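The values are calculated or read from the model by the stated rules, or taken from the named source; none is laboratory data. Just so it is clear, the structure is predicted and the values come from calculations on it, not from any experiment. Cβ coordinates were reconstructed from backbone atoms using ideal geometry, including for glycine residues, and neighbour counts include every protein chain displayed. Accessible surface is based on the protein model in full, side chains and every heavy atom, while ligands, DNA and RNA are left aside. Shrake-Rupley method; radii C 1.70, N 1.55, O 1.52, S 1.80 Å.
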Amino acid sequence: MSKRVNITYSVNFDKIPETIKDLISKTYYAELKSLDEDFNKVITSLEKENEKETLQTIDDIRQKLTNIDFCLNDCYNIMTEYQKKLLTPDKENDSDG
């Protein structure tokens, strides 16, 4: 499995939900959408008694699920901070006036 790294970039606060939507969509099309086919491949390879293909496909599924979980965790953390910011008054603006 490849190494994971953190990257940092900024977006406008009001664009956070849209950014999360984009991340979820990319993950869906890159990983989740193909899982149905992969599960069917496991069943077929088991029926053919092809243990090597079965093991490889199961590992492929596990890696995709891991990638999905990483994305969902990132999105969850971002949305948690977004929600906190929405619910917390901006102290900098309170002193203006």
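Taking only DSSP H segments of four or more residues, each worth -39500 (n - 2.57), what value at 222 nm results for the chain once the sum is divided by all its residues, to the nearest 500 deg cm²/dmol? Write down the numbers at each step before the final one.
Values: 4 runs with 69 residues, N = 97.
Counting only the DSSP helices, I get -24000 deg cm²/dmol.
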Return the single residue from ASP59, ASP22, ASP14 with maximal mean-square fluctuation; model: Gaussian network over the chain, springs between Cα atoms under 10 Å. ASP14
Between the DSSP loop rule and a limit of at most 12 other Cβ atoms within 10 Å, which trypsin sites (Lys or Arg not before Pro) in segment 1-70 are left? LYS3, ARG4, LYS48
Any idea what the alpha-carbon Rg over 2.2 N^0.38 Å comes to for segment 43-92? 2.10
What does the charge count around THR19 come to, taking other residues whose C-beta lies under 15 Å from its C-beta (Lys +1, Arg +1, Asp -1, Glu -1)? -1
At 0.36 nm per residue, minus the direct Cα-Cα distance, what do LEU23 and LYS3 gain on full extension? Give it in nm, one decimal, please. 5.3 nm
Carbon + sulfur, % of accessible area of segment 7-97 - ligands and nucleic acids excluded, 1.4 Å: 53 percent
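Quick one, what does Rg over Rh come out to for the chain if you take C-alpha atoms and the Kirkwood Rh? Let's see the in-between values first.
Values: Rg = 20.0 Å, Rh = 16.4 Å.
Radius of gyration relative to Kirkwood radius: 1.22.
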